[in-house]
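Here the structure is laid out as structure tokens; the discussion comes afterwards.
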Amino acid sequence: MLVLSSTKDLTKSYWELRYPLVGKSLPADHGHKLYGAMSRIVPAIHESNGWRMATIGGTLTGRGEITLTEYSRLRIRAGWEQIPLFLRLVQKLLKVGKHSLVLEPPEIHPICPSKILKARLLVIKGFKEPEPFIGAVKYHLQKLGIEDCEAYVPNNALGESDRKIIKVHQHKVVGFGVVVTGLNALNSIALQVNGCGGKGKMGCGFFSPISSLDLQENEGDKEQESSNA
């Protein structure tokens with residue numbers, strides 16, 4: 001766990017790599033398979049700790065797959081000293097199930113604070129229902145020294161708690177989307193750097209900035225989709 005004394009610590013700590021992609025599609029649930037593909041190419045990635053990645057965005061096809069777009073990126077947050085390790089993935093062919101993916105040279109970005117952060121999927125072992133789950137999230141945030149903020153599970157398009165399931169080998173792992181609001185700059189960066197919960201190498205607990213307007217529009221879209229269902 002990285003404890004930050006000031007936002008300036010980022011200049012010598014953690015950064016985000018954003019890889020453009022060459023490929024057509026991926027499994028919608030690809031976190032575990034992508035991690036495995038990366039580790040086969042660079043075994044030291046499996047042994048290295050303290051880094052997280054986000055699952056790759058795309059357009060859902062309805063067949064358990066996503067189609068990659070020009071905006072699809074693989075995003076990895078890692079310590080400055082770990083960056084050479086992840087650069088070894090550039091121009092390598094990754095086999096993700098039956099899909100193939102090549103990573104182009106990444107852009108390297110600093111981690112910037114935001115008052116609102118959202119994780120697409122967060123998992124905490126043993127918590128499969130929204131209320132006890134969010135209680136566990138708040139406990140983990142306190143352990144990171146992150147207080148005076150609000151955390152909740154947003155609703156999905158059906159107006160239900162944003163519950164998701166991923167597969168790790170043959171096991172189903174239950175998690176939820178999470179939004180954290182009211183963060184100061186230091187806590188925002190600490191949460192983005194450390195993440196929260198398990199399976200961070202498989203795309204879980206990866207928090208990204210989101211504006212209050214984006215959040216309102218996202219919730220409004222879901223309400224509209226739900227009313228039209």
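Assorted remarks:
This table checks each residue for (1) at pLDDT 95 or above; (2) in a loop (DSSP other than H, G, I, E, B).
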| position | (1), (2) |
| --- | --- |
| L4 | no, yes |
| D9 | no, no |
| E16 | yes, no |
| L21 | yes, no |
| L34 | yes, no |
| S39 | yes, no |
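- Within the stretch 143-157, considering residues that are over 16 Å from G198 (Cα atoms) and of a type outside the set (A, V, I, L, M, F, W, C), the one surrounded by the fewest Cβ atoms within 10 Å (Cβ to Cβ): D148
- When Y139 is tested against (1) buried (at least 19 other Cβ atoms within 10 Å of the Cβ); (2) under 21 Å from R52 (Cα atoms); (3) of a type outside the set (A, V, I, L, M), only condition (1) is not met.
- Among the numbered conditions (1) more than 16 Å from V96 (Cα to Cα); (2) at pLDDT 95 or above, the only one that E47 does not meet is (2).
- Selection within the stretch 158-177 - of a type in the set (D, E) and either at pLDDT 90 or above or within 13 Å of G198 (Cβ to Cβ) (or both): D162
- So G126, is it touching a Lys or Arg at 6+ places or on another chain (Cβ under 6 Å), surrounded by fewer than 20 Cβ atoms within 10 Å (Cβ to Cβ) and at pLDDT below 95: no
- Number of positions in the stretch 65-118 that are among the β-branched types (V, I, T) and crowded, with 18+ Cβ neighbours inside 10 Å: 5
- Boolean, E65 is farther than 20 Å from P110 by Cα, of a type outside the set (S, T, N, Q) and free of Cβ contacts under 8 Å to residues at least 60 places away in the same chain: yes
- Subset tally (residues that are surrounded by fewer than 16 Cβ atoms within 10 Å (Cβ to Cβ) and part of a helix (DSSP H, G or I)) for the stretch 163-202: 1
- Boolean, T67 is of a type outside the set (D, E) and out of contact with any helix residue (DSSP H, G or I) (no Cβ under 8 Å at 6 or more places or on another chain): yes
- Residues in the stretch 72-91 that are in a loop (DSSP other than H, G, I, E, B) and over 20 Å from G58 (Cβ atoms): 2 in all.
- Filter result for G62 (assigned by TED's automatic domain parsing to the domain that holds M202 and surrounded by fewer than 21 Cβ atoms within 10 Å (Cβ to Cβ)): no
Matching residues to (1) free of Cβ contacts under 8 Å to residues at least 12 places away in the same chain; (2) among the small types (G, A, S); (3) outside any helix (DSSP H, G or I):
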| site | (1), (2), (3) |
| --- | --- |
| P105 | no, no, yes |
| L122 | no, no, yes |
| G126 | yes, yes, yes |
| A136 | no, yes, no |
| Y139 | yes, no, no |
| G145 | no, yes, yes |
| D148 | no, no, yes |
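The values are calculated or read from the model by the stated rules, or taken from the named source; none is laboratory data. Quick caveat, the model's predicted, so the values are computed rather than measured. Neighbour counts are summed over all protein chains in view; Cβ atoms, including those assigned to glycine, are modelled from backbone coordinates with ideal geometry.
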